[in-house]
Amino acid sequence: MEGGAYGAGKAGGAFDPHTLVRQPHTILRVVSWVFSIVVFGSIVNEGYLNNNSGGEKFCIYNRNPSACSYGVAVGVLAFLTCLLYLALDVYFPQISSVKDRKKAVLSDIGVSAFWAFL
């Protein structure tokens, strides 16, 4: 059986971009990254409308500016988190410590659960 604790059997391997791109979690991270751009881009672009009586903008989500701010904040933070974990995916094969690999995997699980809650 190949592998080990948190992929420790492959620790210290060389960076292979072809293998990285073909991994399912990398593909899902890129898709999540694109969706985060769509979320905050669409809210910033079309989430606020001008009021007919004045020049003041209002949020289209129940005229509540907090709703638009929440959507933009979640989209931007998701964008940055996806970039962070894509960088971790690139660096992961060079991590030789099982404890560090465990921390990386558990942080990924925890952050995924947190984003599912949001």
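The values are calculated or read from the model by the stated rules, or taken from the named source; none is laboratory data. Since we're looking at a predicted model, the values are computed, not measured. So basically every Cβ, Gly included, is an ideal-geometry build from the backbone, and we count neighbours across all protein chains shown. Heavy atoms of the whole protein, side chains included, go into the accessibility calculation; ligands, DNA and RNA do not. Shrake-Rupley method; radii C 1.70, N 1.55, O 1.52, S 1.80 Å.
Points to keep in mind about this one:
- Within segment 14-28, restricting attention to residues that are closer than 19 Å to VAL105 by Cα and modelled with pLDDT under 80, the residue that is most open to solvent (accessible area, probe 1.4 Å) is PHE15.
- Which numbered condition SER112 fails, given (1) touching a residue at least 12 places away in the same chain (Cβ under 8 Å); (2) open to solvent by 60 Å² or more (accessible area, probe 1.4 Å); (3) polar (S, T, N, Q): (1)
- Residues of segment 80-103 that turn out to be free of Cβ contacts under 8 Å to residues at least 60 places away in the same chain and hydrophobic (A, V, I, L, M, F, W, C), as a count: 6
- Some residue of segment 98-107 being under 30 Å from PRO24 (Cα atoms) and loosely packed, with under 13 Cβ neighbours inside 10 Å: yes
- Which numbered condition PHE58 misses (of (1) over 13 Å from the mean Cα position of the chain (by Cα); (2) open to solvent by less than 70 Å² (accessible area, probe 1.4 Å); (3) of a type outside the set (Lys, Arg); (4) under 19 Å from ALA116 (Cα atoms)): (4)
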